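The values are calculated or read from the model by the stated rules, or taken from the named source; none is laboratory data. Please read these numbers as outputs of a predicted model, since none were measured by experiment. Please note: Cβ atoms are built from the backbone with ideal geometry, for glycine as well, and neighbour counts cover all protein chains shown.
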Amino acid sequence: MLAQFADIVGARRALAVTLDSPPRQFVRTANVGFDRDSIPNVAIPVDDLSNPVVVSALSLHSVSCDGAGPIPGLPFGEWTTIPFPQPQFRGAPALLSDTELDLVQLQGCEVRRRSLVDRRRRLGHAPAGVALLEASVDDETLAALMHAASLAGPVLARMAAVEEFRVAGGRLNQQSEMLTTIMNSLPDPIVIINADRNIVAQNKRAEHLLLTTDRDSEGRRRAVEINNLLFTSHLSKAAMGSKETAGSRELNLVDPDEGTDLLFEVLTHSLGPDNGGQAGSTISVLRDVTDLRRAANELERQVQRVRLAEIDAKRERDRLNLILENVADPILVTDDRSNIILMNKEAEQLFEADDSASWDRASAVQANDTKFTTFISNFTISPSLARREQMKLHLPDTDVDLPVEVVSGKILNRRGEPLAIVSVLHDLTEQAENERLYEELKTFSIQLEDRIQAATADLAEQNTRLQWQSRELEKANRLKSEFLASMSHELRTPINALIGYASLMLDRIYGDLTARQEEGLKRIQGAAQHLLALINDILDLAKIEAGRMPLHLDDVSLGDIMTEISQQIEPLVKKKQLTFKVELPSGNLTLHTDRTKVKQILLNLLSNAVKFTHHGGVSVTVSKDEEDLRFDVRDTGIGIREGDLESIWEDFRQVDQSRTREFGGTGLGLSITRKLVDALGGHVFAESTFGKGSTFTVVLPIRSVVRPDDPPRVVDEVPPPPPVER
């Protein structure tokens, strides 16, 4: 039509603009005579009455312009408009009245008042669009074109309605596809049901549970049928307001693929009534709460376990309180902020004061708390797990200084973080007194050294006399050793009598004993046996130094010796839960040696190995060459530093010479062992790795002989305990 209009008037170019939907502006609908790159993009608002296109469309009159004022945005000079009317519709822009048209001023344009319809009929029409022809049109041609445009207007309106319906349909399909995509992307099954309880729509997850295909197995079909029955039953009960579903919205279904039970929470919403006002469709969302229910059950079990743990913790706390109340040393438990959370009665006497306490007592308690809190605060931030430190506290009741040693250890949680600190306070009053005496002795020693230095000038004159005195001292020392060796019987006899009488009393020879009497006798017996062992070591050393240690050489069986040694050392090994192993060479080997001395040598080494071993075991390996036997006594104990391997053989010497050493004894065992080995013509040495264990090696000749220069030996016999009358 636009091309025919342009051909009738001889226009080179033409445009058709129509109202868009909704009618806000006039946009280009068709064009004639424009290149692809020169087609104008038209968008003219309907309320712009300064634009000839709007005036022509709203007045249904033609407008002609002579080129003096071109239309903004249009590449026209001289042109004419042909309006298209259409039937009135809701929302259409109002037409201009004659009065409003008279007020319109268009620069370079003229409104040609040749209306398509008369004034009365015009009120039932609305603008549809305008055809712009680049040409001048005479009145007769204009009338013909206006008549044709009046016939084309309704057609254009219907074409716009069809296009609008098509666009709306496309949008509806797009929205439907979007809604379907959204529903299928949701993890929860969604089902839409109409008023007849028929499923009208469902997403993929719901189809997985409620829909079957021809390719499904029989088992899956049965599972889907069960799901449909359960779901339909649930909807029916919900619709009837059943009491079974009034308080529960849960639905049990079956996984068609796995065959496992699934638990869903059904959320149902109405989509509104239908056109007849009856109940319409509903949408049901099935939220999978299987894992949630499983987690809830597990949480409930966890809560039960926590409650049981709290009961156990309370029981353990009560037991701990009972233990703390019966410990003599003060014990305190602090949290990670250095606050005291638990202490026994002994600690309360040092760190607790009530409101009625005197000012002196409160000051002493505060001073104790300050010192202890400072120690705990420093220990809390340190990486160490245990700490020992000495501090001086005050007894609040007597204001007497109380030296203590604080032994603290951290209690860690599973993440390795300090949860609490347990501190034990040991009373060091006696040790402090001993240290004071030691300091006094040290001062006296220094003073004595000063006096010795002052007397150094006299030493040159007295050198001869001192040498004589030295010889006399050596003689006296030898006489001392001979005296001790000869006094073995006199020293051992009263101790053996003491041990014997204690044993007889413990055997109820002299009558029944009370528990306290029995405990005292056991302590007496243990102390006497310990004293006898110490005296034996000293007397053995004295006899060796005096040359009075007897040697009884005889043929003895190595197997018998090792059997007796194993029987004697086995109780000590079992008491410390260690392993004990003996390796002997093949065959029955016979030695010509002193049976007692060999046993004493090996027992000394084995008892030392057991004493200094806390974990692992002790072993004895015997190997033989042509003339000697080699005994290797190995242990997995604390070991010896390389610098101490020579000093351990000295008399009265242990590696730990401190006053608070862990292991007791005279320090004579290894010294006596070396002297006995030398007496038998052998040698002994040690190898050790500190912290991992030691190996003591004894090499003895298979046939021991008495050297010609050995002094005479005397045999000592220990008498039996005296008889006791019953």
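Observations on the structure shown:
- In this structure, Ser566 qualifies as part of a helix (DSSP H, G or I), modelled with pLDDT of 80 or more and of a type in the set (Ser, Thr, Tyr).
To keep it simple, each residue is scored yes or no on (1) modelled with pLDDT of 90 or more; (2) assigned to a helix (DSSP H, G or I); (3) farther than 19 Å from Phe696 by Cβ; (4) of a type outside the set (Asp, Glu).
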residue	(1), (2), (3), (4)
Gln529	no, yes, yes, yes
Leu539	no, yes, yes, yes
Leu551	no, no, yes, yes
Met562	no, yes, no, yes
Pro571	no, yes, yes, yes
Thr621	yes, no, no, yes
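- When Gly73, Gly33 are screened for being at positive phi, surrounded by fewer than 19 Cβ atoms within 10 Å (Cβ to Cβ) and modelled with pLDDT of 85 or more, only Gly33 passes.
- Residue check for Arg307: at pLDDT 80 or above, charged (D, E, K, R) and exposed (fewer than 11 other Cβ atoms within 10 Å of the Cβ): yes
- Elements of type strands (runs of 3 or more DSSP E) contained in segment 318-417, each with 2 or more residues being under 26 Å from Glu433 (Cα atoms): 331-335, 386-395, 400-412
- Each residue in segment 616-648 was checked for being in contact with a Leu (Cβ under 9 Å, 6 or more places away or on another chain) and not aromatic (Phe, Trp, Tyr), and 15 pass.
- Checking Ser423 against (1) in contact with a Leu (Cβ under 6 Å, 6 or more places away or on another chain); (2) part of a helix (DSSP H, G or I), the condition it does not meet: (2)
Residue-by-condition table, conditions (1) out of contact with any Gly (no Cβ under 8 Å at 6 or more places or on another chain); (2) farther than 30 Å from Gln577 by Cβ; (3) β-branched (Val, Ile, Thr); (4) at pLDDT below 80:
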| residue | (1), (2), (3), (4) |
| --- | --- |
| Phe631 | yes, no, no, no |
| Leu645 | yes, no, no, no |
| Arg659 | yes, no, no, yes |
| Pro708 | yes, yes, no, yes |
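- Taking the criterion of being of a type in the set (S, T, N, Q), exposed (fewer than 14 other Cβ atoms within 10 Å of the Cβ) and either modelled with pLDDT of 80 or more or part of a helix (DSSP H, G or I) (or both), the residues of segment 178-230 that qualify are Thr180, Thr181, Ser185, Thr213, Ser217.
- Out of Asp7, Asp20, Asp66, sole residue that is modelled with pLDDT of 85 or more and among the acidic types (Asp, Glu): Asp7
- Test result for Thr613, β-branched (Val, Ile, Thr) and buried (at least 17 other Cβ atoms within 10 Å of the Cβ): yes
- From the options Glu417, Glu440, Glu389, residue that is at pLDDT below 85 and surrounded by fewer than 15 Cβ atoms within 10 Å (Cβ to Cβ): Glu417
- Matching option when the condition is modelled with pLDDT of 80 or more, surrounded by fewer than 15 Cβ atoms within 10 Å (Cβ to Cβ) and outside any loop (DSSP other than H, G, I, E, B), among Phe685, Phe696: Phe685
- Selection count, segment 577-588, where residues are in contact with a strand residue (DSSP E or B) (Cβ under 7 Å, 6 or more places away or on another chain) and at pLDDT below 85: 1
- Filtered residues of segment 573-599 (kept if among the charged types (D, E, K, R), part of a helix (DSSP H, G or I) and over 24 Å from Leu676 (Cα atoms)): Lys574, Lys575
- Verdict on Thr456 being over 23 Å from Asn321 (Cβ atoms) and surrounded by 10 or more Cβ atoms within 10 Å (Cβ to Cβ): no
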